[in-house]
Amino acid sequence: MKKVYLEPQWKLPAISRYLLSYPPVGYEFVAKENALVAATEAAARHDIAYMLYDLMGKVVPINLGKAWLDQFAKPPKDAVLTWAIVHPVFRREPWIIELTHELPHFLVGHEPQFERYKSVLLRLLKSDYCRRIICCDAIAREALLSRLGTSCLEDKIEEVEKAVRSQEFTKNYSNDKVRLLFVNSVNIKTDAHFFTKGGPILVEAFSRLSGRYRDLELVIRSALPPGMKAKCKETRGITLVEQPLPAGEFERLWQSADIFVLPTHVTPSAIFIEAMSYELPVVTTNVWANPGIVQDGRAGLLIDDPVTAEFAEGAVIHFEHPGWRQAIRRVNEGMVEQLVDKLRILIENPELRRQMGRAGRWEVEHGKFSMHRRNEKLKRILDEVTS
């Protein structure tokens with residue numbers, strides 16, 4: 001049994017915990033519990049942590065700096081490899097880096113600092129110690145190479161899709177009502193977070209649909225800015241879940257839904273795959289990696305997002321552009337109309353909902369997002385770099 005050291009950038013993302021619970025055959029992933037990891041886990045529950053992060057990031061390359069400090073935190077002696085989540089490794093030892101989202105500049109910190117420290121990042125990624133670069137999608141590869149301005153790393157890059165565990169349940173369908181589910185973080189109350197996930201677009205679309213369909217419900221599991229909270233409470237059929245739920249209650253929330261809808265301006269970590277595991281058709285945007293996760297017409301339906309397109313440059317999206325936060329706060333009428341149309345198709349066609357839900361669940365249990373398929377790829381990669 002070969003031991004691999006799992007090193008997070010700050011806190012350990014939920015999707016990466018599967019490496020601890022469901023490792024490839026012949027490997028064991030271990031993560032050290034230290035004071036800094038515990039502190040970041042606790043701080044992530046409070047908005048002040050994100051505000052301080054943004055403030056410090058304007059002065060220093062905060063993520064690259066954290067990676068530099070990690071060279072003094074030695075991995076377990078019997079580990080044959082370090083698996084670094086969204087950060088390079090300065091230690092002189094073999095390591096693999098996994099990129100979990102669409103922001104290559106996040107390896108350094110805030111986007112304005114990327115060009116200044118790109119040479120440091122490139123030197124680390126080119127080194128013989130960096131054995132592989134794991135991207136979750138082809139567009140992640142394209143974005144990374146575009147930002148680094150080089151193709152010399154292509155041989156190191158591997159595409160490995162994210163995966164979640166299969167759900168052991170039988171989907172019960174209701175013909176009495178249709179419940180929409182929107183899932184976002186309840187720990188992050190910063191205004192930008194709810195707007196980034198397209199919350200206001202969904203609330204506006206639902207307010208138009210609720211007058212047409214009397215048995216339509218929307219459950220919003222998210223922290224909300226004050227103005228949006230008031231609008232939701234005024235709209236019939238919306239239920240707000242603003243506090244963390246015990247695992248059992250959260251699972252029942254997933255199982256009781258009929259459609260998962262997230263008109264997001266970004267590609268979330270793994271929430272679409274999670275929804276598919278609960279046999280839910282997904283309605284979202286065609287932004288970045290979303291079409292590669294939710295196949296339009298098979299596992300769900302997609303709408304166009306001209307807001308994000310305005311800030312896109314090929315595979316790179318500039319989320320830190322000065323106009324980004326203002327743009328996502330404006331409810332785009334075209335997106336609302338598209339969302340209403342796509343939701344009406346699924347609301348009025350229960351058999352199509354079930355067909356798409358089963359297709360998505362199959363992908364999680366047997367297809368490209370299955371744990372088995374992911375571990376096959378990971379085992380091949382790990383065998384190659386540790387042989």
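The values are calculated or read from the model by the stated rules, or taken from the named source; none is laboratory data. Just so it is clear, the model here is predicted, and its values are computed rather than measured. Backbone-built Cβ (ideal geometry, glycine too); neighbour counts: all protein chains shown.
Side notes on the structure shown:
- The residue of the range 238-253 that is nearest to I345 (Cα to Cα), among those that are touching a Ser or Thr at 6+ places or on another chain (Cβ under 9 Å) and surrounded by fewer than 20 Cβ atoms within 10 Å (Cβ to Cβ), is L240.
- Test for R132: is it assigned by TED's automatic domain parsing to the domain that holds W10, of a type outside the set (G, A, S) and either at pLDDT below 95 or surrounded by fewer than 20 Cβ atoms within 10 Å (Cβ to Cβ) (or both): no
- Scan the range 275-333 for residues that are more than 11 Å from G360 (Cα to Cα) and assigned to a helix (DSSP H, G or I) and the total you get is 14.
- In this structure, V364 qualifies as buried (at least 16 other Cβ atoms within 10 Å of the Cβ) and under 23 Å from V160 (Cβ atoms).
- Filter result for W95 (in contact (Cβ under 8 Å) with a residue 24 or more places away in the chain, under 30 Å from T264 (Cα atoms), in contact with a strand residue (DSSP E or B) (Cβ under 6 Å, 6 or more places away or on another chain) and buried (at least 21 other Cβ atoms within 10 Å of the Cβ)): no
- Condition met for V266 (out of contact with any Asp or Glu (no Cβ under 9 Å at 6 or more places or on another chain), within 21 Å of L343 (Cα to Cα) and touching a residue at least 12 places away in the same chain (Cβ under 8 Å)): no
- Within the range 251-268, one or more residues are hydroxyl-bearing (S, T, Y), in the same structural domain as R208 (by TED's automatic domain parsing) and touching a Gly at 6+ places or on another chain (Cβ under 7 Å).
- The range 102-120, subset touching a residue at least 12 places away in the same chain (Cβ under 8 Å) and acidic (D, E), residue surrounded by the most Cβ atoms within 10 Å (Cβ to Cβ): E102
- With respect to the conditions (1) surrounded by 15 or more Cβ atoms within 10 Å (Cβ to Cβ); (2) touching a Lys or Arg at 6+ places or on another chain (Cβ under 7 Å), S207 lacks only one, and its number is (2).
- Residue in the range 318-335 that is surrounded by fewer than 23 Cβ atoms within 10 Å (Cβ to Cβ), farther than 23 Å from I139 by Cβ and hydrophobic (A, V, I, L, M, F, W, C) present: yes
- Entirely in the range 138-239, the helices (runs of 4 or more DSSP H) that have 2 or more residues that are within 20 Å of the chain's Cα centre (by Cα) and either over 20 Å from F319 (Cα atoms) or assigned by TED's automatic domain parsing to the domain that holds G300 (or both): 191-196, 199-210
- Unique match (being surrounded by 16 or more Cβ atoms within 10 Å (Cβ to Cβ) and either small (G, A, S) or not assigned by TED's automatic domain parsing to the domain that holds E274 (or both)) among L346, L339, L382: L382
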